[in-house]
Amino acid sequence: MTPSLSVEGLTKRYGRVVAVDDLTFDVRPGLVTGLVGPNGSGKSTTMRCALGLVEPTAGRVVVDGARYADLPAPLHHVGALLDADAVHGGLSGRDHLRWIAASNRVAARRVDELIEAVGLAGAAGRSTGGYSQGMRQRLGIAAALLADPPILLFDEPMNGLDPGGMVWLRRLLRERAAEGRIVLLSSHLMHELRDVADRLVVIHRGRLRADATVEEVLALDAGGSSLESAYLRLVSEPRP
């Protein structure tokens, strides 16, 4: 089945604060889609609504035809990394992944496969409390990939990664998209998004400002070469 992810009229209010305001867009399989916007624009809230961690005020996010909470085996549909620090510091990296695998009926051998794949073989037996930020990011990515899901959601996955780690992650994202999966990531690193993303969903103050290819967004820059300049136009000028 072709994976699907649709945000439909999504609104989330916290008292008088509107975090997401009637947001609608589809994320296409086979592409890397960047979700971008200033701090507080609603990116993380949108992803949390998609994963059932936040209840929308209105609208919904549909994952493979259903709400995430209604999926019979959600980790087999969606793999996500929202907060790399959300790990029990007393567990080793291997035990953290084993617990997730066991609770989601994933074969134990998959743990060691992913530990090797994400470059943590030498640290898998160590307590995660001693991991660097980049190591925790790699561990979170391994957890997202455990059940080999067709949909991947990553919130700022490049934080803490060294240049080699960024190259590795860029290749990983491109490979997963080439397999026909949905890949959605939020990031503030425009130069990295230019290298890895096919499309950009730009939101500002909870509202959609653009849903276009990277080339179409670039065309908003007078020189056609600065994604940062084009992005800043989208989030600073009246709605195009």
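Just so you know, all these numbers are worked out from the coordinates, no wet-lab data involved. No experiment lies behind these values; they were computed from the predicted model shown. Backbone-built Cβ (ideal geometry, glycine too); neighbour counts: all protein chains shown.
Around VAL32, with a cut-off of 13 angstrom between Cβ atoms, what is the net charge of the other residues, counting Lys and Arg +1 and Asp and Glu -1?
Here the charged neighbours net out to +3.
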Next item on the list: Multiply the residue gap between ALA73 and LEU91 by 0.36 nm, knock off their C-alpha separation, and tell me the result in nm, one decimal place.
Entry: 4.0 nm
Item checked: Whole-Å distance, taken between Cα centres, linking segment 37-92 and segment 128-149 -> 16
Next item on the list: For n ≥ 4 DSSP H runs only, could you compute -39500 (n - 2.57) per run for the chain, divide by its residues and tell me the 222 nm figure to the nearest 500?
Entry: -9500 deg cm²/dmol
Next item on the list: Can you run the Rg to Rh ratio on the chain? Use alpha carbon positions and the Kirkwood inverse-distance Rh.
Entry: 0.97
Notebook entry, point to check: By average Cβ neighbour count within 10 Å, what is the ranking of 40-53, 106-119 from highest down?
Noted result: 40-53, 106-119
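Once you list every other residue whose beta carbon is under 13 Å from the beta carbon of VAL201, what net charge do they have if Lys and Arg are +1 and Asp and Glu are -1? Walk me through the intermediate numbers first.
On the way: positive: ARG28, LYS43, ARG199, ARG207, ARG209; negative: ASP26, ASP198, ASP211, GLU216.
Result for the neighbourhood of VAL201: +1.
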Item checked: Positive minus negative residues near LEU5 (Lys, Arg vs Asp, Glu; Cβ under 11 Å) -> -1
Next item on the list: Have a look at segment 56-155 and give its Rg and Dmax from the Cα atoms, expressed in angstrom.
Entry: 14.2, 46
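Ratio of alpha-carbon Rg to the 2.2 N^0.38 Å globular estimate for segment 48-99, to two decimals, please.
Working: Rg = 13.7 Å, N = 52, 2.2 N^0.38 = 9.9 Å.
Relative to the 2.2 N^0.38 Å estimate, segment 48-99 comes out at 1.38.
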